[in-house]
Amino acid sequence: ISNYSSLEGILTSLGWERYYDDVDLLQYHKTSSIDLISLPKEFCKFKSVHMYDIVVKNPNVFHVRDA
């Protein structure tokens, strides 16, 4: 993932919807789930812990690789 635009495109195609409750975060939820993905507003603050959260909630699409 190199930017939020590409990530949002993938998440949207997986059924995640943008949640606009917190102005300091980018948040996504699925109506069929209680899961919530919360990301820092600035992509430069996106860390591995955020990617891990995405991987755990979308295991069939994302996976962790050792670089």
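Within the stretch 25-67, the set of residues being aliphatic (A, V, I, L, M) and farther than 19 Å from S5 by Cβ comprises I34, L36, V49, V55, V56, V64, A67. Taken over the stretch 15-49, the residue count meeting the criterion of being under 24 Å from D66 (Cβ atoms) and either open to solvent by 40 Å² or more (accessible area, probe 1.4 Å) or of a type in the set (S, T, Y) (or both) is 6. For the stretch 2-14, filtering for residues that are closer than 20 Å to K45 by Cα and either of a type in the set (F, W, Y) or surrounded by 13 or more Cβ atoms within 10 Å (Cβ to Cβ) (or both) leaves 5.
The values are calculated or read from the model by the stated rules, or taken from the named source; none is laboratory data. Please read all numbers here as calculations on a predicted model, not as lab measurements. As a convention, Cβ positions derive from the backbone with ideal geometry for all residues, glycine included, and neighbour counts pool all protein chains shown. Remember, those area values only see protein heavy atoms, side chains included, never the ligands or the DNA or RNA. Shrake-Rupley method; radii C 1.70, N 1.55, O 1.52, S 1.80 Å.
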